[in-house]
Number of protein chains: 2
Amino acid sequence: MNIAVAQSGGPTCAINASLVGVFKEALKTPEIDAVFGSINGIEGMIKDELMDLKLVIRTNEDMELLRQTPSTVLGSCRYKLPAVETDDEVYKKIHENLTKHRIEAFFYIGGNDSMDTVDKLSAYLKSVGSDIKVIGIPKTIDNDLPVTDHTPGFGSAAKYVAATVQEIIRDSSVYSIESVTIVEIMGRHAGWLTASTCVLRANDEIAPHLIYLPECNFSAEKFLEDVRSMQAKHKAVIVAVSEGVKLPQDSKRPVAVDNFGHEYLSGIGKSLEQLVKDHIGCKVRSIELNVMQRCSSHICSKTDIDEAELIGSEGVKRALAGETGKMMVYKRLSDVPYVITIESAEASAVANKEKFFPRRWINDAQNDILPEAEKYFLPLIQGEVKIAMKNGMPVHFKLK
Amino acid sequence: MNIAVAQSGGPTCAINASLVGVFKEALKTPEIDAVFGSINGIEGMIKDELMDLKLVIRTNEDMELLRQTPSTVLGSCRYKLPAVETDDEVYKKIHENLTKHRIEAFFYIGGNDSMDTVDKLSAYLKSVGSDIKVIGIPKTIDNDLPVTDHTPGFGSAAKYVAATVQEIIRDSSVYSIESVTIVEIMGRHAGWLTASTCVLRANDEIAPHLIYLPECNFSAEKFLEDVRSMQAKHKAVIVAVSEGVKLPQDSKRPVAVDNFGHEYLSGIGKSLEQLVKDHIGCKVRSIELNVMQRCSSHICSKTDIDEAELIGSEGVKRALAGETGKMMVYKRLSDVPYVITIESAEASAVANKEKFFPRRWINDAQNDILPEAEKYFLPLIQGEVKIAMKNGMPVHFKLK
């Protein structure tokens, strides 16, 4: 039998580690012959653009480099399968290509949109009497997938954000004048990554002094009041804000819509910078961590990368055991010591759904994160991967 | 005798390493008693805000942590000394405070504005018959100081920028659609840091496909033509552009002026993004590396940090040997193997002057860097500092 694997959605530092997990498990499994990589997610399965991964990932060194290379080595897509009732053409096409290549299990590494694909495709294959298994491997820096304790890719993003915000704190604190520094962090609807900046308190940082999540109410007046009250205590005020925080009265904010109909916001940092400029008048700077927060593998979390590989390999075991239409999940058994197990859940329980940052970990003023959340976040950023360097720069794995 | 040290200008990853160099050399020198740290640059000398550094930097571990902590532990300033002919009040004040604390040598770690201070203050002290020495220790991520081969802080910034642009290349290359990614890099007038992205070619990257420096002519038409011609060869085009690149016809760009009368530009990345959106219409994103490029010590260059410490300690030796009004400089003896020596030059030769990226290392089309420049840049980003970690995050030294 052969298997296939594909990667989808926005890049993270851990998607390739999950691919390596699937690949290594296949190498260990005598009944698996070829491992095909589908180019640009499910699009490769539709267009029959597959690659025999054993021909390109040839050595242990290749696997180690790929594990620490960010983004998706097989490309990605934002393609959403149509409802099978209205259009079953692509389903037939995928089935045909899977059959043609004797693929008996397909692994899709992605976020909640990809789990929609896992759910629909597995249902279709069952409905036509096929025995081909479809398993989802989660990934997203947003940490917003239900059922799983956390998502592969999140820990590395949180580690980068913590290290970077700490450096920004040092940078912002040098002058003797008052200043406000606003750090805009990814998260359209869920504030997990922004909230994770609270881990800096474990290293004796007071900042960020204010943390705003999309889960909370937000207004310009309240924000300015919060900043002013922090300025009474701190010369350099540091604010962490999720990109998805809404300023309802600000009609100037650009709103775009991606292929899935998600609103794509940008610019809350700039809006808040302007507010401070206009109403407080001190030195102010906004900083967007932009794509670096999802692709900065040079400071990835070893815990995240190791788990991402493991959840990929566990996915293969589940498919071989006969499961389909499932997403692999982490279950946390204990914070200290940190212990997880890997299980599976119905992909339909995850598809198109979001998990929000819990209200119980947000303070009453809705501008800070409570200490209880630190215990959740800290284990996820532990450990450093020994990054392979050449000429003073990290080495990335590339398809030849 | 006592000595004093201060830090000035914008943060880098190496300013504290130079402070450690001054401090360690003082510890080794029997005739030096106290090492005073002047708070917020020369302002501390004027206001008599000094700190006995032996009371706060107490152990070898403190020194090692301080060496790898970004920004300026003693704070910074952008204060410029007035011409002594028009106003000698602050000079008298500084002289008074130096004398009061038996300070016989003052070390100023900073950029070309700080060398103006070194030049003026040393001339004043000589003119009033004082024997107090003033020595400048260079720093700036811009690498734009004359006389010295390169500046402390530049190598670490270049290493961060190279690693980050490589990650952005991976991130930008995942989708099957055409895209343009514009990375805006610091450099108001000198394009050294932007040019340094050419080091990625040593690790088999083709990108950045286009590199624009403030030293070159630039127009919207030429830029769009360059992008279109790169799109014929590359699906995902990556552009590196210095913040100081001028779009003469773009009246929308905000121009602010800092205390030294420097124009402070922001937003060339956004302007180019808009140009691509309007005239090419493909997916486009601009990314500002912002303060991270000057303060991301978690991926600093060992060569840079080691040299920054060494140039600080050499400065102490020069002052004790009787030099004053000098800035310490690196002289490069060889690229391969990389060999430098540390010498001193007149601070007046550096004060208020800028060194531009050489025309001979820019291609004829003025949109790329020639391979000869790689030999200059590569030695500066070599080696990694073992970063002290706690709770999964770097540990920063803080004054108690």
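Worth a mention:
- Simple Cβ-charge dipole of the protein assembly as shown, Lys/Arg +1 and Asp/Glu -1, about Cα centre, in debye nearest 20: 360 debye
- Converting phi to 3J(HN,Hα) with the Karplus coefficients 6.51, -1.76 and 1.60 and the offset θ = phi - 60°, the stretch B:152-162 yields x, x, 5, x, 5, 5, 5, 5, 4, 5, 4 Hz in sequence order, with x at every glycine or proline.
- Amide N proximity, the stretch B:292-312 versus B:Met1 label position 7 Å along Cα-to-Cβ, cut-off under 14 Å: none
- Pairs from A:Lys277/B:Lys120; A:Lys353/B:Lys159; A:Lys54/A:Lys390; B:Lys47/B:Lys246; A:Lys270/B:Lys54 whose Cα-Cα separation, in the structure shown, is over 32 Å: A:Lys277/B:Lys120; A:Lys353/B:Lys159; B:Lys47/B:Lys246; A:Lys270/B:Lys54
- Here is the list for the stretch A:275-365: trypsin sites (Lys or Arg not before Pro) lying in DSSP coil, each with at most 15 other C-beta atoms within 10 angstrom of its C-beta, are A:Lys353.
- Gyration tensor (alpha-carbon) shape descriptor, the protein assembly as shown, a/c threshold 1.5: prolate
- Partners for B:Lys355 among aspartates and glutamates (Cα-Cα distance below 16 Å; same-chain residues under 8 apart left out): B:Asp113, B:Asp116, B:Asp142, B:Asp144, B:Asp149, B:Glu215, B:Glu346
- Magnitude of the charge dipole, the stretch A:154-295, Cβ model with Lys/Arg +1 and Asp/Glu -1, debye to 20: 140 debye
- Cα gyration tensor shape of the stretch A:1-60, rounded if a/c is under 1.5, else prolate or oblate by comparing a/b with b/c: oblate
- FRET E, pair B:Asp204, B:Ser176, Förster distance 22 Å, beta-carbon r, rounded to 0.05: 0.45
- In this structure the stretch A:259-377 gives 42 Å² per residue of accessible area when probed at 1.4 Å with all protein chains present.
- Once both labels are positioned 7 Å from their Cα atoms along Cα-to-Cβ, the gap between B:Ala388 and A:Glu31 label points is 5.4 nm.
- DSSP-defined antiparallel bridges as percent of all bridges, the protein assembly as shown, nearest 5: 35 percent
- q = 0.11 Å⁻¹, chain B: log10 I(q)/I(0) [Debye, one scatterer per Cα]: -0.79
- Beta bridges per DSSP, both residues in chain B: antiparallel share near 35 percent.
- Value of [θ]222 nm, deg cm²/dmol, for the protein assembly as shown, DSSP H segments ≥ 4, -39500 (n - 2.57) each, nearest 500: -10000 deg cm²/dmol
- Subtracting the Cα-Cα distance of B:Thr341 and B:Gln274 from 0.36 nm times their residue separation leaves 19.5 nm of extension gain.
- Whole-Å semi-axes of the stretch A:8-131's equivalent ellipsoid (Cα gyration tensor): 25, 17, 12
- All lysines inside 20 Å of B:Lys126 as judged from Cα atoms, apart from same-chain residues fewer than 8 positions distant: B:Lys80, B:Lys92, B:Lys93, B:Lys100, B:Lys317, B:Lys326
- For the stretch B:127-150 versus the stretch A:177-196, the gap between their alpha-carbon centres in whole angstrom: 38 Å
- Each Cα pair under 8 Å and six or more residues apart adds its separation to the average, and for the stretch B:154-295 the resulting relative contact order is 33 percent.
- Take every Cα pair under 8 Å whose residues are at least 6 apart in sequence, average their separation, divide by the length of chain B, and the relative contact order is 23 percent.
- Length released on extending from B:Lys100 to B:Asp149, taking residue separation times 0.36 nm less the Cα-Cα span: 13.9 nm
- Ligands, DNA and RNA excluded, the heavy atoms of A:Cys216 present near 20 Å² of accessible surface to a 1.4 Å solvent probe.
- Additional length obtainable on full extension of the chain from B:Lys317 to B:Asn60, 0.36 nm per residue less Cα span: 90.4 nm
- Within the stretch A:115-238, the proportion of C-alpha pairs whose separation exceeds 16 Å stands at 70%.
- Total charge dipole magnitude, the stretch A:333-387, about the Cα centre, Cβ charges on Lys, Arg, Asp, Glu only, Debye to nearest 20: 100 debye
- Evaluating 6.51 cos²θ - 1.76 cosθ + 1.60 at θ = phi - 60° for every residue in the stretch B:354-370, the Karplus couplings come out as 10, 10, 8, 5, x, 4, 5, 9, 10, 6, 4, 6, 6, 9, 7, 10, 7 Hz, glycine and proline recorded as x.
- Cα gyration tensor shape for the stretch A:201-247, rounded if a/c is under 1.5, else prolate or oblate: oblate
- Of all DSSP beta bridges in the stretch A:154-295, antiparallel share, percent nearest 5: 15 percent
- Part-to-part distance (alpha-carbon centres) for the stretch B:360-395 and the stretch A:284-301, which is given in Å: 18 Å
- The stretch A:1-102: trypsin sites (Lys or Arg not before Pro) in DSSP loop, at most 13 other beta carbons within 10 Å: A:Arg58, A:Arg102
- Copies compared at A:Asn60 - label distances in nm, ascending, label defined 7 Å from Cα in the Cβ direction: 3.5
- Treating each Cα of the stretch A:154-295 as an identical point scatterer and summing with the Debye formula, the log10 of I(q)/I(0) at q = 0.09, 0.18, 0.19 Å⁻¹ comes to -0.25, -1.03, -1.15.
The values are calculated or read from the model by the stated rules, or taken from the named source; none is laboratory data. From a predicted model like this one, the values you see are computed outputs, not experimental measurements. Here the Cβ is made from the backbone with ideal geometry for all residues, glycine too, and neighbour counts use every protein chain on show. For accessibility, only protein heavy atoms count, side chains too; no ligands or nucleic acids. Shrake-Rupley method; radii C 1.70, N 1.55, O 1.52, S 1.80 Å.
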